[in-house]
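Undergrad: If you scroll down you'll find the structure; I have some questions about it.
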Amino acid sequence: MLDTLQIENVATIEAVTVRFRPGLNILTGETGAGKSILIDSIHAVLGQKTSRELIRTGASAASVRALFTDTGAGIRQRLLDMGLPAEEDGTLQLHRRLLRDGKNACYINGAPVTVSMLKSVAGELISIQGQRDTGALLDADRHVEFLDAYAGDAEALAAYRASFERCRALRARIRALSMDEAEKARRTDLLQYQIAEIAGADPKPGETEALRRQRSAIQNAAKVQNALAYAIAALEGDGEAPGADSLIETAVRQLIGVSDVATGVGEVASLLEGARDTVSQAASLLDDALAGLSGSESRLDEIGERLDLLYRLSRKYGPTEEEMLRFLENAQKELGEIESAEGEIERLNGELEAQRIRLDEAAKRLSSLRKTAAEKLSAAIQRELSYLDMPRVTFAVHFAPSALRETGAEQVSFLLSANPGEEPRPLVKVASGGELSRVMLAMKNALNMESPVTSLIFDEIDAGVSGSAADKIAQKLWALSVGSQVLCVTHSAQIASFADAHKRIEKKIVGDKTYTGVAELTGEERAKELARITFGPEATDTQVDSARQMIARAAGVKARGKTPAGA
């Protein structure tokens, strides 16, 4: 339900806040006071196409905010699905700013959105019926939905759709399995090659990572191997340069040669002999350690080759061994299907033929239910139109055979003939202005359909109607507003008399600027406004009293809780 509308710098409105109530909200005002501006503002905040010409002269931007309450679980889930904030208490705020350069800024619950997102959410909140609005009931593609809702054929429709979807799935499966012999041969060769390449490599889950770790360990071992080799060469020599062992032996030999003539040299020679033994022992230990590291280089080559192979496979079949194996599994499955496709296609064709028979039966049953409901719906809408002083208007539900599709075996459309002798034609091409709004009112009452839309707006539904018709329209509007919310812009006192909330749109000129405001009317103010609508701005006391009686009469009808019998 629309709770609050805030408008800033739209046409002659500088700043206005309007509060609405459940039930029938009536808006009246003199011609040119700005009633259309209010509707234009609502159009704007609902995401409809608008113009920067709406921006008040001298302002850089216009702003419209709409606060809704009790929006329901469906709207909340839709917001969550779109990644938008959703209030627990069901409140929802839409905001749109129109900038002088033609740009828009749109928000839902404070979050920035596109105009299309704003429109998609707002479309489930308010339906506007007026001279420029068609609404869902004028969308021929949705007429079958309304007829089904009226017919109550949900079970038959579900059965038809289930059969239709099964037929569609079977056809898709048959197309996927069907190919010419050349294509079949090409595909078979490719799959066999891919299967052989992956299976031949036999990748193991996590193998690449394990090999990388092993390669790193061996590469570190190579550093140790080089260090040991250098150390052994230093101790034992490398064939070109003597090692420590040889050098110590030479030193010992030289010292022994002079030990009998040099005091203490013998002792030094003995010490070096001990050092030579230590060097020899160290070299032997290093030789053993080096022998334990032999073969690392060949293993490193093996690892490199294996990693190269896995890399090549990863570029074709997936970055991980798990994905390569899934590709292998799918390829094996597809190859098996191709090899057995002929028999599978034959089986599927048999199932499809049986399903087609069931689909035809379901379509005939659904069509029969719809045609029976269409007769009742046409009669119900005809009664509504007749009650609304449109007895010569003829309503019809047209069925055009079509190829089987998701909605059935026919195209359903609502047609109207505005005058006797004229062929019924699509609604949007026949009704216009206030007549269109009355047709919509009749259809909504006759269809009595469930809808997520909780607010309905009728713009000048009384255009061109007599006092009697206006009275009937008033009663229908009020009946439609019970348990819901209806906003109606009107010039009719009869309609205004049924208001649950009455607002007058006023225009005043201050200096060289025009300002439009909205005033809430209660009690005697309402009577004076109805008298003004009926008799003009200089209404007499007697005429105001007549307006009071009109309000009292409407209150009595509302108290009885129903519109006249047969309506």
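Undergrad: Evaluate the following for Ala15: is it in a helix (DSSP H, G or I), surrounded by fewer than 17 Cβ atoms within 10 Å (Cβ to Cβ) and of a type in the set (A, V, I, L, M, F, W, C)?
TA: It is false that Ala15 is in a helix (DSSP H, G or I), surrounded by fewer than 17 Cβ atoms within 10 Å (Cβ to Cβ) and of a type in the set (A, V, I, L, M, F, W, C).
Undergrad: Answer with yes or no whether Gly90 is surrounded by 14 or more Cβ atoms within 10 Å (Cβ to Cβ) and either modelled with pLDDT of 85 or more or part of a loop (DSSP other than H, G, I, E, B) (or both).
TA: Judged against the criteria, Gly90 is a match.
Undergrad: Moving to a separate point now. List pairs: first in the range 118-136 and more than 30 Å from Gly83 (Cα to Cα) and surrounded by fewer than 20 Cβ atoms within 10 Å (Cβ to Cβ), second of a type in the set (S, T, N, Q) and modelled with pLDDT of 60 or more, Cβ under 8 Å, 6+ apart or cross-chain?
TA: Gln131/Ser437
Undergrad: Tally up the residues in the range 238-279 that are free of Cβ contacts under 8 Å to residues at least 40 places away in the same chain and assigned to a helix (DSSP H, G or I), please.
TA: 28
Residue-by-condition table, conditions (1) of a type in the set (Ser, Thr, Tyr); (2) outside any helix (DSSP H, G or I); (3) over 28 Å from Arg370 (Cβ atoms):
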position: Tyr150; (1), (2), (3): yes, no, no
position: Ala162; (1), (2), (3): no, no, no
position: Arg168; (1), (2), (3): no, no, no
position: Arg173; (1), (2), (3): no, no, yes
position: Ala182; (1), (2), (3): no, no, yes
position: Thr188; (1), (2), (3): yes, no, yes
position: Leu191; (1), (2), (3): no, no, yes
position: Arg215; (1), (2), (3): no, no, yes
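Undergrad: Right, here's the next one. Please find, among Val115, Val144, Val121, Val64, the residue that is closer than 30 Å to Lys376 by Cβ and of a type in the set (Val, Ile, Thr).
TA: Val144
Undergrad: Could you list, in sequence order, the residues of the range 42-76 that are assigned to a helix (DSSP H, G or I) and not acidic (Asp, Glu)? Quick ask: steps written out before the conclusion?
TA: First pass over the range 42-76, keeping only residues assigned to a helix (DSSP H, G or I): 42-45, 52-54, 72-76.
Correct list: Ile42, His43, Ala44, Val45, Arg52, Leu54, Gly72, Ala73, Gly74, Ile75, Arg76.
Undergrad: Which of the residues that make up the range 492-535 are over 11 Å from Ile26 (Cα atoms), surrounded by fewer than 20 Cβ atoms within 10 Å (Cβ to Cβ) and of a type in the set (A, V, I, L, M, F, W, C)?
TA: Correct list: Ile509, Val510, Ala519, Phe535.
Undergrad: Something else: In the range 159-195, what residues are without any contact (Cβ under 8 Å) to a residue 60 or more places away in the chain, within 36 Å of the chain's Cα centre (by Cα) and farther than 16 Å from Arg356 by Cα?
TA: Once the filter is applied, which keeps residues that are without any contact (Cβ under 8 Å) to a residue 60 or more places away in the chain, within 36 Å of the chain's Cα centre (by Cα) and farther than 16 Å from Arg356 by Cα, the range 159-195 yields Arg175, Ala176.
Undergrad: What tally of residues in the range 93-113 results from selecting those that are in contact with a Leu (Cβ under 8 Å, 6 or more places away or on another chain) and at pLDDT 90 or above?
TA: Quick first cut of the range 93-113, residues in contact with a Leu (Cβ under 8 Å, 6 or more places away or on another chain) only: 93-94, 96, 98, 104-109, 111, 113.
When the remaining residues are screened for being at pLDDT 90 or above, the result is 93-94, 96, 98, 105-109, 111, 113.
Summing the residues that are in contact with a Leu (Cβ under 8 Å, 6 or more places away or on another chain) and at pLDDT 90 or above in the range 93-113 gives 11.
Undergrad: Just to be sure I understand the filter: pairs with C-beta atoms under 7 Å, separated by 6 or more residues or on different chains, first member in the range 205-224 and touching a residue at least 60 places away in the same chain (Cβ under 8 Å) and exposed (fewer than 12 other Cβ atoms within 10 Å of the Cβ), second member in a helix (DSSP H, G or I) and of a type outside the set (Phe, Trp, Tyr). Which pairs pass?
TA: Matching pairs, first to second residue: Gly206/Glu321.
Undergrad: Next up: Residues Thr4, Thr31: which one is outside any helix (DSSP H, G or I) and closer than 26 Å to Lys476 by Cβ?
TA: The match here is Thr31.
Undergrad: Please find, among Ala474, Ala499, Ala555, the residue that is in contact (Cβ under 8 Å) with a residue 60 or more places away in the chain, within 27 Å of Ser127 (Cα to Cα) and part of a helix (DSSP H, G or I). Talk me through it step by step, then tell me what you get.
TA: Values: Ala499 fails: part of a helix (DSSP H, G or I); Ala555 fails: in contact (Cβ under 8 Å) with a residue 60 or more places away in the chain.
From the options Ala474, Ala499, Ala555, the qualifying one is Ala474.
Undergrad: May I pose another question? How many residues are among the aliphatic types (A, V, I, L, M), surrounded by 19 or more Cβ atoms within 10 Å (Cβ to Cβ) and at pLDDT below 80 when one looks only at the range 448-491?
TA: Looking only at that region, the number is 3.
Undergrad: For the range 39-60, indicate whether the set of residues that are under 24 Å from Ser116 (Cα atoms), touching an Asp or Glu at 6+ places or on another chain (Cβ under 9 Å), surrounded by 20 or more Cβ atoms within 10 Å (Cβ to Cβ) and hydroxyl-bearing (Ser, Thr, Tyr) is non-empty.
TA: For the range 39-60, residues under 24 Å from Ser116 (Cα atoms), touching an Asp or Glu at 6+ places or on another chain (Cβ under 9 Å), surrounded by 20 or more Cβ atoms within 10 Å (Cβ to Cβ) and hydroxyl-bearing (Ser, Thr, Tyr): present.
The values are calculated or read from the model by the stated rules, or taken from the named source; none is laboratory data. Bear in mind the structure is a predicted one, so any value in this text is a computation, not a measurement. Using ideal geometry, Cβ is built from the backbone for each residue, glycine included, and neighbour counts are taken over all protein chains shown.
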